[in-house]
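J.: Here you go, one structure.
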Amino acid sequence: MAQRTHDNTAGPVVTEPGRVRNVVLLGHAGAGKTTLIEALLAATGTISRAGSVAEGTTVTDHDPAAVHRQHSVALSCAPLVHQDVKVNLLDTPGSPDFVGELRAGLRAADAALFVVSAVDGVDDATVALWEECAALGMPRAVAVTRLDHPRADYEQTLQDCQDAFGENVLPIYQPMLGDDGDSFAGLIGLITLRVLDYSQGYPPREATFEQAHIMPIKDDRETLIEAIIAESEDESLMDAYVAGELISTATLVPDMQKAVARGTFHPVIPVCAATGVGLDALLDGLVDGAPSPLEHDLPVVTGVDGAPRPPLACDPDGPLVAEVVRTTIDRHVGRVSLVRVFSGTLRPDLTLHVSGHGLQERGHPDHDADERVAHVYSPLGAQLREVPFCLAGDICAITKSGSAETGDTLSGKEAPLLMEPWTMPEPLLPVAVVARSRSDEDALARNLAKLVAGDPALRLDRNPETRQLVLWCMGESHAEVALERLRAGGAEVDTEPVRVALRETFSTAAKGHGRHVKQSGGHGQFAVCDIEVEPLPRGEGFRFVSEVVGGAVPHNYVPSVEKGVRAQLERGLVAGHPVVDLLVRLVDGRAHSVDSSDAAFQTAGALALKEAAGQGGMTLLEPVDEIVVRVPDTFVGAVLSDLSGRRGRPLGTGTDDDGGYAVVRAEVPAAELVRYAVDLRALTSGSGSFTRTYVRHEAVTRE
């Protein structure tokens, strides 16, 4: 793990938004995203040599929780410069457990590069990501990686991408085999007809296009040209092409770039980080094909009070609006905030307004504060390289903010603004944490606050009924990393089984007699009350009625009886759980003119309720949730069978709005859902998801 450092070397600086590209890399764990970024950084001279994921020496490996892990667990920014254009590569974790980091990467980016392994192909989670980007209108390209692996199958992987991602997913380069006939050693540009020879390593040698090259690329070239012409805004091109006219490269390339920026055409580039094949082609594609921040719609902004504001423009001279997309706590530097600037220019010694609203349910209370930015940095993994400013469209880092959390808006203090937050799925895996010793409790509280500040995918729940501190996570890996980060911060923590909030109720009517009489010299204690109890329908709560006649219980002590009964209901009667859905009638009692008191009648009321519980039948109630499960059609049977084993009651099945996934609705006891997030993912190969909503408490069944 690299220690975060300040680098005296100045970071790359751009002076206009049109010379910035923000590209997020997406794909499943092991597809080669981090390895590809290392190769691109080395190819552009940003770093002297590429690091190794296995050895933990990559630029993006600087999270304390990444130690001993083979895959990234956090969003990281790695900027490079190619053709005088700054490309901010945003590395995201491949595991669906870290969807919070992924969503932050999507917010910071203007285009997405899907990294697909030529060994493993396309999985369901990657397809879901593609559909999510399509819904956002984000431009997408595909890099097919790991071409050097013995089991690599480029042609099959290309077909898998086209089957999974839909139309207009087409290669713009054709890989060429080397002299050994087994490994790829070159590329042919299907439009430009450039021949790039990597047999001597990177950078490639440009070879001559020969007659022998025509036949292997003829069909793919024609398909590509037809697709570009179909997407062209110049309708005369299709007529010219049908008439047999030759369409020039100078016409095709700009039209393809425009289609990519619109998100209607998706180029595929074969690339191998180990041999360097395709690295320059990919860099050219990112610079020429990915849209600049000027071409990307910006998030909606309002005033801090929610009042509407005019739409933002990516203008360095406009009002300052930026967003924190990642927060880390470094033991040497303190809080480090990765920031995407959408409008205006962020400069050192500037006083900002920090606004965070709308995440109260996840343990992020609304907050507003003015803070001074001492320095602005260009991050390169663990290195922070100081820069004089960061203009609209670019990404930078600031340090030592006292209140900025992931998702917060940074704006000018004169006219504070608030950005529309990005959407986050609900964390559904609960983990109960407890300090290992009393001396660890303060450290746990401090580190939990820091942890939640940096990860909006977490939800912190202090459950008053179970008296547990529960971290709601996205999955097992997310939970493990959260615990590792807590321990790395100096808090020794353990986990314990998650308890659900059980309750009790009466199953039959009963009567209770409460007598509290004590005499020990001076004023004594005297209170007697008789109650009748009967159960109410579920959800009716508690009602107390006085039917005392003749003043047997003075009217000023009737509220005391009720108070005592209520207190005992909270403490429980059988198993220590709150008692609900109950009608209590006070029907008789006795008082003493001297020894009766408020406290005495409270005690008598509690005693009467306890006696009634001993006579009447008591029932334990458990929470029941309604869940909505979204899975591919092929998994519906397995999901229904699994829910049956969880005491679930199916409510119906259907399809989602897009018609691509099946939807299963059921009611399931909450106790059976503690690990459902993990089990559903295993059951559906990572393609299933669900939501849950509390419905009611109902009697625990015998089994």
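The values are calculated or read from the model by the stated rules, or taken from the named source; none is laboratory data. On a predicted model such as this, the values are computed, not experimentally measured, just so you know. All Cβ positions, glycine included, derive from the backbone under ideal geometry; neighbour counts span all protein chains shown. What goes into the accessible areas is simple: the full protein's heavy atoms, side chains included, and nothing from ligands, DNA or RNA. Shrake-Rupley method; radii C 1.70, N 1.55, O 1.52, S 1.80 Å.
J.: Please indicate, with yes or no, whether at least one residue in segment 218-241 is touching a Gly at 6+ places or on another chain (Cβ under 6 Å), open to solvent by 50 Å² or more (accessible area, probe 1.4 Å) and closer than 30 Å to Asp297 by Cβ.
T.: No, segment 218-241 contains no residue that is touching a Gly at 6+ places or on another chain (Cβ under 6 Å), open to solvent by 50 Å² or more (accessible area, probe 1.4 Å) and closer than 30 Å to Asp297 by Cβ.
J.: Hey, among the residues in segment 329-341 that are open to solvent by less than 20 Å² (accessible area, probe 1.4 Å) and either β-branched (Val, Ile, Thr) or farther than 17 Å from Ala74 by Cα (or both), which one's nearest to the chain's Cα centre (by Cα)?
T.: The qualifying residue nearest to the chain's Cα centre (by Cα) is Val339.
J.: Still on this structure, I have one more. Only strands (runs of 3 or more DSSP E) wholly contained in segment 170-227 count here; list those with 2 or more residues that are aromatic (Phe, Trp, Tyr).
T.: In segment 170-227, there are no strands (runs of 3 or more DSSP E) which contain 2 or more residues that are aromatic (Phe, Trp, Tyr).
This table checks each residue for (1) within 22 Å of Ile329 (Cα to Cα); (2) surrounded by fewer than 19 Cβ atoms within 10 Å (Cβ to Cβ); (3) in contact (Cβ under 8 Å) with a residue 60 or more places away in the chain; (4) basic (Lys, Arg).
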| residue | (1), (2), (3), (4) |
| --- | --- |
| Val376 | yes, no, no, no |
| Leu380 | yes, no, yes, no |
| Asp408 | yes, no, yes, no |
| Ala415 | no, yes, yes, no |
| Leu418 | no, no, yes, no |
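J.: Then there is this: So in segment 465-507, with the set limited to residues that are part of a strand (DSSP E or B) and open to solvent by 30 Å² or more (accessible area, probe 1.4 Å), which one is farthest from Val584 (Cα to Cα)?
T.: Asp494
J.: Let me ask something additional. Please go through segment 643-660 and pick out each residue that is part of a loop (DSSP other than H, G, I, E, B) and surrounded by fewer than 10 Cβ atoms within 10 Å (Cβ to Cβ).
T.: Result: Asp657, Asp658, Gly659.
J.: Now a separate question. Sort out which residues of segment 446-459 are surrounded by 20 or more Cβ atoms within 10 Å (Cβ to Cβ) and over 24 Å from Gly686 (Cβ atoms), and write them in order of number.
T.: Asn447, Leu448, Leu451, Val452, Ala453, Gly454
J.: Which of the residues spanning segment 213-249 are within 42 Å of the chain's Cα centre (by Cα) and farther than 13 Å from Ile172 by Cβ?
T.: Result: Asp219, Glu222, Glu226, Ile229, Ala230, Glu231, Ser232, Glu233, Asp234.
J.: Here is a check on your reading of the model: is Leu352 open to solvent by 60 Å² or more (accessible area, probe 1.4 Å), farther than 19 Å from Pro456 by Cβ, touching a residue at least 60 places away in the same chain (Cβ under 8 Å) and among the aliphatic types (A, V, I, L, M)?
T.: no
J.: Exactly one condition in (1) open to solvent by less than 10 Å² (accessible area, probe 1.4 Å); (2) assigned to a strand (DSSP E or B) is false for Arg462; which is it?
T.: (1)
J.: Then there's this: Taking the criterion of being in contact with a strand residue (DSSP E or B) (Cβ under 6 Å, 6 or more places away or on another chain) and not aliphatic (A, V, I, L, M), would at least one residue in segment 476-486 satisfy it?
T.: No.
J.: Going through segment 407-440 one residue at a time, which ones are of a type in the set (A, V, I, L, M, F, W, C), part of a loop (DSSP other than H, G, I, E, B) and over 24 Å from the mean Cα position of the chain (by Cα)?
T.: The one that is of a type in the set (A, V, I, L, M, F, W, C), part of a loop (DSSP other than H, G, I, E, B) and over 24 Å from the mean Cα position of the chain (by Cα): Ala415.
J.: Residues Gly137, Gly94: which one is open to solvent by 10 Å² or more (accessible area, probe 1.4 Å) and under 17 Å from the mean Cα position of the chain (by Cα)?
T.: Going through Gly137, Gly94 in turn, just one is open to solvent by 10 Å² or more (accessible area, probe 1.4 Å) and under 17 Å from the mean Cα position of the chain (by Cα): Gly94.
J.: Do we have any residue at all in segment 598-607 that's charged (D, E, K, R), touching a residue at least 40 places away in the same chain (Cβ under 8 Å) and either in contact with a Leu (Cβ under 9 Å, 6 or more places away or on another chain) or part of a strand (DSSP E or B) (or both)?
T.: no
J.: What's the number of the condition Ser685 fails, among (1) open to solvent by 30 Å² or more (accessible area, probe 1.4 Å); (2) part of a strand (DSSP E or B)?
T.: Unmet for Ser685, out of (1) open to solvent by 30 Å² or more (accessible area, probe 1.4 Å); (2) part of a strand (DSSP E or B): (2).
J.: With the requirement that a residue be over 13 Å from Ile191 (Cα atoms) and part of a helix (DSSP H, G or I), what does segment 251-270 give you?
T.: Lys258, Ala259, Val260, Ala261, Arg262 - these are the residues of segment 251-270 that are over 13 Å from Ile191 (Cα atoms) and part of a helix (DSSP H, G or I).
J.: For Thr634, state whether it is open to solvent by 50 Å² or more (accessible area, probe 1.4 Å), touching a residue at least 12 places away in the same chain (Cβ under 8 Å), polar (S, T, N, Q) and out of contact with any Gly (no Cβ under 7 Å at 6 or more places or on another chain).
T.: Taking the combined requirement at face value, the residue does not satisfy it.
J.: If you scan segment 320-346, which residues turn out to be at pLDDT below 95 and not in a strand (DSSP E or B)?
T.: Arg331, His332, Val333 - these are the residues of segment 320-346 that are at pLDDT below 95 and not in a strand (DSSP E or B).
J.: What's the number of the only condition in (1) surrounded by 15 or more Cβ atoms within 10 Å (Cβ to Cβ); (2) within 28 Å of Ala501 (Cα to Cα); (3) modelled with pLDDT under 95; (4) not acidic (Asp, Glu) that Arg538 fails to meet?
T.: Result: Arg538 fails condition (1) only.
J.: Follow-up. Would you check if there is a residue in segment 525-542 being farther than 29 Å from Gly617 by Cβ and outside any helix (DSSP H, G or I)?
T.: Within segment 525-542, one or more residues are farther than 29 Å from Gly617 by Cβ and outside any helix (DSSP H, G or I).
J.: Residues of segment 541-589 being at pLDDT 95 or above, of a type in the set (Lys, Arg) and open to solvent by 60 Å² or more (accessible area, probe 1.4 Å), which ones?
T.: Arg543, Lys563, Arg566
J.: In this structure, is Ala164 among the small types (Gly, Ala, Ser) and in a helix (DSSP H, G or I)?
T.: So Ala164 fits the description; yes.
J.: Go through the residues of segment 66-74 one by one and say whether even a single one is part of a strand (DSSP E or B), of a type in the set (Val, Ile, Thr) and buried (at least 20 other Cβ atoms within 10 Å of the Cβ).
T.: no
J.: Going by the conditions given, is Asp297 of a type outside the set (Ser, Thr, Tyr), outside any helix (DSSP H, G or I), in contact with a strand residue (DSSP E or B) (Cβ under 9 Å, 6 or more places away or on another chain) and open to solvent by 60 Å² or more (accessible area, probe 1.4 Å)?
T.: Considered against the rule, which asks whether it is of a type outside the set (Ser, Thr, Tyr), outside any helix (DSSP H, G or I), in contact with a strand residue (DSSP E or B) (Cβ under 9 Å, 6 or more places away or on another chain) and open to solvent by 60 Å² or more (accessible area, probe 1.4 Å), Asp297 comes out as no.
J.: Still on this model: Please go through segment 688-697 and pick out each residue that is of a type outside the set (A, V, I, L, M), under 26 Å from Val580 (Cβ atoms) and open to solvent by 40 Å² or more (accessible area, probe 1.4 Å).
T.: Passing the criteria: Thr691, Arg692, Thr693, Tyr694, Arg696.
J.: Being among the acidic types (Asp, Glu) and in contact with a strand residue (DSSP E or B) (Cβ under 7 Å, 6 or more places away or on another chain) is the filter here; which residues of segment 441-468 pass it?
T.: Those that are among the acidic types (Asp, Glu) and in contact with a strand residue (DSSP E or B) (Cβ under 7 Å, 6 or more places away or on another chain): Glu441, Asp461.
J.: With respect to Val594, determine if the residue is β-branched (Val, Ile, Thr), in a loop (DSSP other than H, G, I, E, B), under 24 Å from Ala552 (Cα atoms) and in contact with a strand residue (DSSP E or B) (Cβ under 9 Å, 6 or more places away or on another chain).
T.: It is true that Val594 is β-branched (Val, Ile, Thr), in a loop (DSSP other than H, G, I, E, B), under 24 Å from Ala552 (Cα atoms) and in contact with a strand residue (DSSP E or B) (Cβ under 9 Å, 6 or more places away or on another chain).
Every residue, every condition in (1) open to solvent by 40 Å² or more (accessible area, probe 1.4 Å); (2) within 24 Å of the chain's Cα centre (by Cα); (3) within 17 Å of Gly166 (Cβ to Cβ), yes or no:
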{"position": "Ala111", "(1), (2), (3)": "no, yes, no"}
{"position": "Ala118", "(1), (2), (3)": "no, no, no"}
{"position": "Thr126", "(1), (2), (3)": "no, yes, yes"}
{"position": "Trp130", "(1), (2), (3)": "no, yes, yes"}
{"position": "Leu147", "(1), (2), (3)": "no, no, no"}
{"position": "Arg151", "(1), (2), (3)": "yes, no, no"}
{"position": "Glu155", "(1), (2), (3)": "yes, no, no"}
